[in-house]
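Student: Have a look at this one.
The values are calculated or read from the model by the stated rules, or taken from the named source; none is laboratory data. Here the structure is a predicted model, which is why all the values come from computation and not from measurement. Because the Cβ atoms are built from the backbone with ideal geometry, glycine has one as well, and the counts that use them run over all protein chains shown.
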Amino acid sequence: MRLAGALWEPVRQTCANIWRHKLRSFLTMFGIAWGIASLVLMSALCDGFKLGQRRNMAQLGDNLVLVWNGRTEKQAGGQRAGRRVYWEEEDIRAIREQCPAVSEVAGELKRTVNAASEFNSGRFLTVGVTEEYLRLRNLPASVGRNITAADHEQARRVCVLGDSVRKQLFENRTDVLGCSVNLEGYPYMVIGLMSEKNQNSSYDGWDNEKILVPQSSLVRDFPPTNPDYRKGRVMLIIYRPASVQQWEEAGRQVRGVLARRHGFDPTDEGATPAWDMVKSAEMFDRAFRATELFLALVALVTLSLGGVGVMNTMMSAVAERTHEIGLRKALGATRRRILVDFLLEGVLLALASGALGLAVVSALAAGVNSLPMPDMFAGLPVKFYNALVALAALGTVAVLSAFPPALRACRLTPVEALREER
């Protein structure tokens, strides 16, 4: 009990001193609380935007590389530059077998077809898919089932509808599983529905506006109008590296396989124009790292200003309480006790201000997060780690700022202090 009382007494006296100078303490606390609240709020805004962007990017597929067929820009194998190259289904098999740095690969085939139900009709992009393609492109069926390997092997006339397609063909009806949709006159049974997707990027239109069918069914029922894409060819190759660390090696392996099969230089970028989502994600992360660095600099300035405020407050307190310090020393107070009292006052002032700022931000974040969020924003995630670091940094700055005034106070002799005018 004596130990608890001995520890509590300096805290009680410190709180009494802060309360005695309410206006000065309030102004100091307000400045520090405002700075900490602004800092944590900006960090939460940055995190919310970053998480929202990543979530939307994942709607298209995670860590994908899309390779279109292009024109050669270099002579190779005795063939002139400017030659058009076309990808084939055999290229997909070769990449799967010869590229260990690639985890999954698929080809893309699509046609724009007329679709009609008993309620309405429209013209939609219809994509021929395989199980690998569905995994790569993140195209799950939220209702019913998705297209399987058996559907592809048997070339079944089944389809999965995007959310916008369902709304147009069936006038917002949801009980459409088992219904028939005529695609260019061929009856396809609806076996699944995709949930509404919020994409911020695409290369051929939104997934909500597509119809998915087995790739073999697309080849059989909807022959290409462009003779360049005859049977056995694909319009696009999509692959995923085995890991982000193997991304560059996967690219070299894929270009090497395609170059050997089609007789062009593997360094010829014109023959393999690509959208590298791994690289795009890296650039995205680099931009946010720059933002986080800027926020760190803002934090440094904020904490420095808070430290200046604490130092000024404590300097004023020492000047006002010089006579009191002299009396306490004359009555037996040690230099250590005087030093601890003034240090404690500065630290409590700063930490109370920081806690107040964090409480305000937490309440604000809870209110904002309860509201509907736009597609590209994930709310205000206030991380406990960030709050802890902010408080720890603020406590350190407070100790450093309060130390010079506290040291000046403890070094005063009773005679010098009692001579000061009250």
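Student: Return only the number of the condition from (1) among the polar types (S, T, N, Q); (2) over 24 Å from GLU97 (Cβ atoms); (3) part of a loop (DSSP other than H, G, I, E, B) that THR302 does not satisfy.
Tutor: Failed condition: (3).
Student: Just need a number here: residues in segment 99-113 that are touching a Ser or Thr at 6+ places or on another chain (Cβ under 9 Å) and part of a strand (DSSP E or B). Please lay out each step first, then the result.
Tutor: Residues of segment 99-113 that are touching a Ser or Thr at 6+ places or on another chain (Cβ under 9 Å), as a first pass: 101, 103, 106-107, 110-113.
If we keep only those that are part of a strand (DSSP E or B) too, we end up with 103, 106-107, 110-113.
So the answer is 7.
Student: Kindly indicate whether THR313 is polar (S, T, N, Q) and at pLDDT 75 or above. Talk me through it step by step, then tell me what you get.
Tutor: Working: polar (S, T, N, Q): yes; at pLDDT 75 or above: no.
Against the criterion (polar (S, T, N, Q) and at pLDDT 75 or above), THR313 does not qualify.
Student: Given the condition modelled with pLDDT of 85 or more and among the basic types (Lys, Arg), answer yes or no: does some residue in segment 207-214 qualify? It would help to see each step written out before you state the result.
Tutor: Start the filter on segment 207-214 by keeping residues that are modelled with pLDDT of 85 or more, which leaves 207-214.
From the residues that got through so far, the ones that are among the basic types (Lys, Arg) too are 210.
Scanning segment 207-214 turns up at least one residue that is modelled with pLDDT of 85 or more and among the basic types (Lys, Arg).
Student: Go through segment 149-161 and give me each residue that's over 14 Å from LYS197 (Cβ atoms) and assigned to a strand (DSSP E or B). Break it down into steps so the answer makes sense when it comes.
Tutor: Within segment 149-161, the subset over 14 Å from LYS197 (Cβ atoms) is 149-159.
If the condition is that a residue be over 14 Å from LYS197 (Cβ atoms) and assigned to a strand (DSSP E or B), then VAL158, CYS159 are the ones that fit.
Student: Taking the criterion of being within 20 Å of LEU218 (Cα to Cα), within 31 Å of the chain's Cα centre (by Cα) and touching a residue at least 60 places away in the same chain (Cβ under 8 Å), would at least one residue in segment 78-88 satisfy it? Full working, then the answer.
Tutor: Step one: filter segment 78-88 for residues within 20 Å of LEU218 (Cα to Cα), giving 86-88.
Filter once more, so that each one left must be within 31 Å of the chain's Cα centre (by Cα): none.
No: segment 78-88 contains no residue that is within 20 Å of LEU218 (Cα to Cα), within 31 Å of the chain's Cα centre (by Cα) and touching a residue at least 60 places away in the same chain (Cβ under 8 Å).
Student: Another question, then. Considering every residue within segment 21-36, establish whether at least one is part of a helix (DSSP H, G or I) and under 25 Å from ILE238 (Cα atoms). I'd like the intermediate steps shown before the answer.
Tutor: So the first thing to find is which residues in segment 21-36 are part of a helix (DSSP H, G or I), and the list is 22-36.
After this cut, where a residue has to be under 25 Å from ILE238 (Cα atoms) as well, the list is none.
No: segment 21-36 contains no residue that is part of a helix (DSSP H, G or I) and under 25 Å from ILE238 (Cα atoms).
A quick yes/no check of all residues on (1) farther than 29 Å from ARG84 by Cβ; (2) surrounded by 20 or more Cβ atoms within 10 Å (Cβ to Cβ):
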| residue | (1), (2) |
| --- | --- |
| MET194 | yes, yes |
| ASP207 | no, yes |
| PRO223 | no, no |
| ILE238 | no, yes |
| GLN245 | yes, no |
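Student: Sort out which residues of segment 55-73 are in a helix (DSSP H, G or I) and either crowded, with 17+ Cβ neighbours inside 10 Å or without any contact (Cβ under 8 Å) to a residue 24 or more places away in the chain (or both), and write them in order of number. Let's see the steps before the verdict.
Tutor: Restricting attention to segment 55-73, the residues satisfying the condition of being in a helix (DSSP H, G or I) are 55-60.
Answer for segment 55-73, where residues must be in a helix (DSSP H, G or I) and either crowded, with 17+ Cβ neighbours inside 10 Å or without any contact (Cβ under 8 Å) to a residue 24 or more places away in the chain (or both): ASN56, MET57, GLN59, LEU60.
Student: Which condition breaks for LEU358 when tested against (1) of a type in the set (A, V, I, L, M); (2) in a helix (DSSP H, G or I); (3) modelled with pLDDT under 75?
Tutor: (3)
Student: From ARG289, ARG260, which residue is surrounded by 13 or more Cβ atoms within 10 Å (Cβ to Cβ), part of a helix (DSSP H, G or I) and either free of Cβ contacts under 8 Å to residues at least 24 places away in the same chain or on the phi > 0 side of the Ramachandran plot (or both)? Break it down into steps so the answer makes sense when it comes.
Tutor: Values: ARG289 fails: surrounded by 13 or more Cβ atoms within 10 Å (Cβ to Cβ).
Exactly one residue qualifies, and that residue is ARG260.
Student: When you go through (1) farther than 24 Å from GLY107 by Cα; (2) hydrophobic (A, V, I, L, M, F, W, C); (3) not in a loop (DSSP other than H, G, I, E, B) one by one for LEU177, which number turns out not to apply?
Tutor: Of everything listed in (1) farther than 24 Å from GLY107 by Cα; (2) hydrophobic (A, V, I, L, M, F, W, C); (3) not in a loop (DSSP other than H, G, I, E, B), LEU177 misses just condition (3).
Student: Then there's this: Mind listing whichever residues of segment 177-191 are free of Cβ contacts under 8 Å to residues at least 60 places away in the same chain and buried (at least 19 other Cβ atoms within 10 Å of the Cβ)?
Tutor: From segment 177-191, those free of Cβ contacts under 8 Å to residues at least 60 places away in the same chain are 177-178, 185-191; that's our starting set.
Matches in segment 177-191: TYR188, VAL190, ILE191.
Student: Would you confirm, using the coordinates I've provided, whether ARG96 is surrounded by fewer than 15 Cβ atoms within 10 Å (Cβ to Cβ) and either within 18 Å of VAL234 (Cα to Cα) or out of contact with any His (no Cβ under 8 Å at 6 or more places or on another chain) (or both)?
Tutor: Working: surrounded by fewer than 15 Cβ atoms within 10 Å (Cβ to Cβ): no; either within 18 Å of VAL234 (Cα to Cα) or out of contact with any His (no Cβ under 8 Å at 6 or more places or on another chain) (or both): yes.
For ARG96, the condition - surrounded by fewer than 15 Cβ atoms within 10 Å (Cβ to Cβ) and either within 18 Å of VAL234 (Cα to Cα) or out of contact with any His (no Cβ under 8 Å at 6 or more places or on another chain) (or both) - is not met.
To keep it simple, each residue is scored yes or no on (1) under 30 Å from GLU89 (Cβ atoms); (2) outside any loop (DSSP other than H, G, I, E, B).
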| position | (1), (2) |
| --- | --- |
| GLU248 | yes, yes |
| THR267 | yes, no |
| SER280 | yes, yes |
| ASN312 | no, yes |
| LYS329 | no, yes |
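Student: Residues of segment 17-34 being of a type in the set (A, V, I, L, M) and modelled with pLDDT under 70, which ones? Give the derivation first.
Tutor: Taking segment 17-34 as the starting set, the residues that turn out to be of a type in the set (A, V, I, L, M) are 18, 23, 27, 29, 32-33.
Within segment 17-34, ILE18 is the sole residue that qualifies.
Student: From ALA299, ALA387, grab the single residue that is at pLDDT below 75, more than 30 Å from ALA58 (Cα to Cα) and within 24 Å of the chain's Cα centre (by Cα).
Tutor: Details: ALA387 fails: more than 30 Å from ALA58 (Cα to Cα).
On inspection, the qualifying residue turns out to be ALA299.
Student: Limited to segment 114-148, what total is found for residues that are in a helix (DSSP H, G or I) and of a type outside the set (Ser, Thr, Tyr)? Spell out how you get there, then give the answer.
Tutor: So the first thing to find is which residues in segment 114-148 are in a helix (DSSP H, G or I), and the list is 131-136.
If we keep only those that are of a type outside the set (Ser, Thr, Tyr) as well, we get 131-132, 134-136.
Number of matching residues: 5.
Student: Restricting attention to segment 215-251, and to residues there that are of a type in the set (Lys, Arg) and in contact (Cβ under 8 Å) with a residue 24 or more places away in the chain, which single residue is nearest to LEU109 (Cα to Cα)?
Tutor: Filtering segment 215-251 down to residues of a type in the set (Lys, Arg) leaves 220, 230-231, 233, 240.
Restricting the remaining residues to those that are in contact (Cβ under 8 Å) with a residue 24 or more places away in the chain gives 220, 233, 240.
Values: ARG220: 12, ARG233: 8, ARG240: 18 Å.
Filtering segment 215-251 for residues that are of a type in the set (Lys, Arg) and in contact (Cβ under 8 Å) with a residue 24 or more places away in the chain, the one nearest to LEU109 (Cα to Cα) comes out as ARG233.
Student: Answer yes or no as to whether MET277 is buried (at least 18 other Cβ atoms within 10 Å of the Cβ) and in contact with a strand residue (DSSP E or B) (Cβ under 7 Å, 6 or more places away or on another chain).
Tutor: Working: buried (at least 18 other Cβ atoms within 10 Å of the Cβ): yes; in contact with a strand residue (DSSP E or B) (Cβ under 7 Å, 6 or more places away or on another chain): yes.
Yes; evaluated as a whole, the condition is true for this residue.
One line per residue, one yes/no per condition, for (1) basic (Lys, Arg); (2) outside the structural domain of ILE95 (by TED's automatic domain parsing); (3) in contact with a strand residue (DSSP E or B) (Cβ under 6 Å, 6 or more places away or on another chain):
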position	(1), (2), (3)
LYS197	yes, no, no
GLY205	no, no, yes
GLU209	no, no, no
ARG220	yes, no, no
LEU236	no, no, yes
